[in-house]
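The values are calculated or read from the model by the stated rules, or taken from the named source; none is laboratory data. Since we're looking at a predicted model, the values are computed, not measured. Cβ coordinates were reconstructed from backbone atoms using ideal geometry, including for glycine residues, and neighbour counts include every protein chain displayed.
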Amino acid sequence: MSGYTPIVEPLTLTRGADYVHRYHRHQNDPLFPADTTAEIVITDGPEIGATVIATWPALEVTADYIEFWVQSEQADLADDGLVYQLYVRYPAVPPATDTLDFCWYEGRIERTPR
């Protein structure tokens, strides 16, 4: 994955509503291997060392998609203009002992009126 660039798009949230979303892999991409994990990290800026506001682990990771369901109490902590990254972690494949971690999506939090 040398030179991989994350997909940039906003993450739109509505105050008082749960965040539910399923990220599907592109049909030409390989399947997500067993034991893959994912999380969305919300920070106060895009730079390394930015303060982490919240971390949302994926509800489910299958071979084809990664799904999130974040309760409104947690989603409401992510204010308009904050930054998110969706990180995917592939398990180590022996003989390697390191996991493959990459940022699949990133962007700004946007709020809709409710």
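State all residues of the range 10-31 that are charged (D, E, K, R) and within 23 Å of Phe102 (Cβ to Cβ); if no residue qualifies, say none.
Arg22, Arg25, Asp29, listed by residue number.
Listed here are the residues, each with its yes/no results for (1) of a type in the set (D, E, K, R); (2) modelled with pLDDT of 95 or more.
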| position | (1), (2) |
| --- | --- |
| Thr37 | no, yes |
| Pro46 | no, no |
| Leu59 | no, yes |
| Ile66 | no, yes |
| Glu73 | yes, yes |
| Tyr84 | no, yes |
| Val88 | no, yes |
| Phe102 | no, no |
